[in-house]
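Everything on this sheet refers to the single structure shown next.
The values are calculated or read from the model by the stated rules, or taken from the named source; none is laboratory data. Worth saying up front: this structure is predicted, and the values here are computed from it rather than measured. So basically every Cβ, Gly included, is an ideal-geometry build from the backbone, and we count neighbours across all protein chains shown.
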Amino acid sequence: MANDAEIRLRDRLSKLSGLDLLRGARLSGELERLKRQIDRIEAEPTDEEIWSKVELARHEERPYTLDYVERLFDDWFELHGDRGRGDDAALVAGIGKLEGRTLALVGHQKGRDIKERSNRNFGMAYPEGYRKAMRVMEIAERHGCPLATFVDTPGAYPGVAAEQHGQGGAIARSQAAMARLKVPTVACIIGEGGSGGAVAIALADTVLMQENAIYSVISPEGCAAILWRDAGERQKAAAAFKPDAAHCLELGVIDGIVPEPVGGAHESHDEAARLLGAALADAFDGLEGVPQAELRARRRQKFRSMGVLA
Amino acid sequence: MVEASRIDVSIEHKHAPEPPPKKHPNTCPTCGSHFRDDELDAALRVCTHCDHHFPVKARKRIEQLADPGSFVEEAAELRSADPLDFFDLRSYKDRLAEAEVATGLGDALLIGSATIEEQSCELAVMDFSFMGGSMGSVTGEKFARACESAAAAGIPLVSISASGGARMQEGILALMQMPKTVCAVEELHESGCALLSVMAHPTTGGLLASFASLGDVLLAEPGALMSFAGPRVVAQTTREKLPDDFGLAESNLRFGHVDAIVRRSELRPTLARLLRLFGER
């Protein structure tokens, strides 16, 4: 796993420690500095590791929301439509039982084959999708059932009709709806957590992220096109903004990482579902018994404190 | 090959053709009229020939809106950190330092209390000239503090947005400023105070998809772009022919996403009227 920089540093370090200590203090200071740099490099995932997460998060065989629903939920009933304009297949919603607990669920859904992919719009929701999500959040609130959300989208759909139907406002209001809920909420990033389209349904008490999922402010391609003026620099961009789960945890953006089967969730949908189901049940157990007002205040306080100031 | 030549790949290319030379900032992009600084300031930075609304910097905007001397700035000392050690073609630290020198601002948002026609309010005004008005940790923190100050004083919050969206250089933390500001608005609303949101050109991306859309009243300046995805992204993703008024305030009014389009000369009296209506708690 050692990259060039690390090899160079180690080389220098061994040369330095081999010298006799004629130059005394300055040399030992240098040794310290090099050791610190090596420690840092060892702890940091390399650019290649980060990019491999991006590829795993987008893997064609990766389980999607309904794959998990099928394996985890009993008596699942899917709800359709936003009661206004249409039904968005890129975002699914429904109610079902997870280990005996009735849950409402909202999640992005990608398609498996060409036809389904285009029908599901590659998991990129229109405002109709977010309005359906808000409708189901209301149901959860009304009947006191906890809400789970699965995030897996490259982003909200950037199209003329989506703008005309109010994409920005729908994403804002979906977050506001989650900030108002008094029932326990758990979000899990199960693949791509792309920008506003992802955060629209991720303002939850507990935010989990699968080991090989990514959560980012913009796609690596988009970032490379804007900052490097070259979409081909996507690996550099991904390495720069660090969308992997370990960094998100370190920055306090997520509360926990859900393990995946060896090699990634696509290697075994059943095993991935078992691990996710266990993590969800744990998360909801942890939120049980917290008074409603406190739950909501704590959720808002958590997001209120996000960010790093100089 | 004929097919391929129709696809525009210019932005995916390092050696993109030079953009056309920039016009002087005081030359109207719509009608070509040119103004001296003092002429433009006297006209509230609106073209006197064709009504084009030029961008307004945050301090200038406050001068235009607030009663003279009434603005008391808050949280001016906050500065961005560089949690990701972000480096694209230049380092984020350099970009920040440069933006501060160029604009004299610590971040893209100015907040503070003020009065407009003697009505008390809290102001949160964005400045597009500071890194494209992008929202990073400091921007989100200042907006949240503005909500808290307004709630504590029981007065409405007036926000003027002009932003390209989240600040990429802060990565996921920039995205998290969306839920952060949304939570702050929820708390403000629960304390019984109003949010009056004014969208100047442009209000796009993360701003539109968070606090800017959550105002009790949404106002827009004429010709302001207010779309979640910018026209270039939409055109490239969908290969659709965009309508001429794509994402503009006028189109948003037609589709029901804003309450009114307010010309700059009318903005101060309009806000004052709304402040009287929503008033002190």
Across segment B:77-87, what is the number of residues that are closer than 14 Å to residue A:239 by Cα and in contact with a Lys or Arg (Cβ under 8 Å, 6 or more places away or on another chain)?
-> 1
Determine, yes or no, whether residue B:106 is closer than 30 Å to residue A:213 by Cβ, among the small types (Gly, Ala, Ser) and not in a strand (DSSP E or B).
-> no
Output the number of residues of segment A:199-230 satisfying the condition of being facing chain B (nearest Cβ under 8 Å), touching a Gly at 6+ places or on another chain (Cβ under 8 Å) and small (Gly, Ala, Ser).
-> 2
Within segment B:149-194, work out how many residues are part of a loop (DSSP other than H, G, I, E, B), within 27 Å of residue B:249 (Cβ to Cβ) and at pLDDT 95 or above.
-> 4
Looking at A:115, A:132, A:97, which is the one that is over 16 Å from residue A:195 (Cβ atoms) and crowded, with 19+ Cβ neighbours inside 10 Å?
-> A:132
Only one residue in B:198, B:258 is farther than 21 Å from residue B:122 by Cβ, crowded, with 24+ Cβ neighbours inside 10 Å, more than 9 Å from every other protein chain (Cβ to nearest Cβ) and not charged (D, E, K, R). Which one?
-> B:258
Before we move on, is residue B:114 surrounded by fewer than 19 Cβ atoms within 10 Å (Cβ to Cβ) and either in a helix (DSSP H, G or I) or of a type in the set (Gly, Ala, Ser) (or both)?
-> no
Verdict on residue B:253 being within 14 Å of chain A (Cβ to nearest Cβ), modelled with pLDDT of 95 or more and in contact with a helix residue (DSSP H, G or I) (Cβ under 7 Å, 6 or more places away or on another chain) | no
Restricting attention to segment A:278-310, and to residues there that are part of a loop (DSSP other than H, G, I, E, B) and in contact with an Asp or Glu (Cβ under 9 Å, 6 or more places away or on another chain), which single residue is surrounded by the most Cβ atoms within 10 Å (Cβ to Cβ)?
-> A:307
Of B:151, B:166, the only residue that is surrounded by 23 or more Cβ atoms within 10 Å (Cβ to Cβ), in contact with a Leu (Cβ under 8 Å, 6 or more places away or on another chain) and within 14 Å of chain A (Cβ to nearest Cβ) is B:166
Index of the failed condition, residue B:203 passing every other in (1) facing chain A (nearest Cβ under 7 Å); (2) surrounded by 23 or more Cβ atoms within 10 Å (Cβ to Cβ) | (1)
Inside segment B:131-142, can you point out the residues that are away from chain A (no Cβ under 11 Å) and under 18 Å from residue B:198 (Cβ atoms)?
-> B:133
Take residue A:134 and decide whether it is within 14 Å of chain B (Cβ to nearest Cβ), part of a strand (DSSP E or B) and touching a residue at least 12 places away in the same chain (Cβ under 8 Å).
-> no
For segment A:143-188, enumerate the residues that are more than 7 Å from chain B (Cβ to nearest Cβ), part of a helix (DSSP H, G or I) and among the small types (Gly, Ala, Ser).
-> A:161, A:162, A:170, A:174, A:177
Out of A:204, A:172, A:161, A:179, report the one residue that is farther than 14 Å from residue A:91 by Cβ and touching a Cys at 6+ places or on another chain (Cβ under 7 Å).
-> A:179
Just for segment B:86-104: of the residues that are free of Cβ contacts under 8 Å to residues at least 60 places away in the same chain and touching a helix residue (DSSP H, G or I) at 6+ places or on another chain (Cβ under 7 Å), which one is surrounded by the fewest Cβ atoms within 10 Å (Cβ to Cβ)?
-> B:89
The listed residue being surrounded by 17 or more Cβ atoms within 10 Å (Cβ to Cβ) and on the phi > 0 side of the Ramachandran plot, out of B:126, B:131 = B:131
Go through segment A:1-98 and tell me which helices (runs of 4 or more DSSP H), entirely inside it, have 1 or more residues that are of a type in the set (Ser, Thr, Tyr) and modelled with pLDDT under 95.
-> A:4-18, A:24-43, A:47-57
Selected residue (only one of B:19, B:29, B:25 is at pLDDT below 95, surrounded by fewer than 16 Cβ atoms within 10 Å (Cβ to Cβ), more than 30 Å from residue A:44 (Cα to Cα) and under 19 Å from the mean Cα position of the chain (by Cα)) = B:25
Pairs under 6 Å by beta carbon, first residue assigned to a helix (DSSP H, G or I) in segment A:266-277, partner among the basic types (Lys, Arg), six or more apart or different chains?
-> A:266/A:62; A:273/A:71
